[in-house]
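Here is the structure we will look at, set down as structure tokens.
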Amino acid sequence: MKTKVENMVSARGNTVANQFLIYTDKGVYFQSYNSVIAYKPYSGKVQLDTNYWDYSKTTGKYRNMFLREDKATTEAKINNNTYELVNLN
């Protein structure tokens, strides 16, 4: 399996420390510091880590960028089972 890791880029176009996108053959992970926050498979449901998906304001900011939505939309998708909460760590 090929894997590629890159730092996220801010809205201003700057590389962001400690916020990573991890590309694999099966999907893309979002990692904040040492915790995997979310996983978007190329097919199937988006997965969010049960313990860390809403860990901090900074994590939330970059999670929103990764998912391309706001927190309220993410919560609604968790509640209607569009997204699933799992242990990604």
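Any read-out appearing in this document is the output of simple, stated calculations on the displayed coordinates, not a laboratory observation. All of these numbers come straight from a predicted model, not from anything done at the bench. Cβ sites come from the backbone with ideal geometry, for glycine too, and all protein chains shown count toward neighbours.
Couplings 3J(HN,Hα) for the range 12-29, derived from phi with the Karplus relation 6.51 cos²θ - 1.76 cosθ + 1.60 (θ = phi - 60°), are 8, x, 9, 5, 9, 5, 6, 10, 10, 10, 10, 9, 10, 5, 9, x, 10, 9 Hz, where x marks Gly and Pro.
Kindly provide the chymotrypsin sites (Phe, Trp or Tyr not before Pro) of the range 1-39 that DSSP labels as loop, not H, G, I, E or B, and whose Cβ sees at most 16 other Cβ atoms within 10 Å. Don't skip to the answer; put the middle values down first.
Details: sites: 20, 23, 29, 30, 33, 39; in loops: 33.
Taking the range 1-39 and a limit of 16 other Cβ atoms within 10 Å, the loop chymotrypsin sites (Phe, Trp or Tyr not before Pro) found are 33.
Structural size metrics of the chain, computed from C-alpha coordinates, are Rg and Dmax of 12.4, 35 Å. For the chain, relative contact order (Cα pairs under 8 Å, six or more residues apart, normalised by length) works out to 21 percent.
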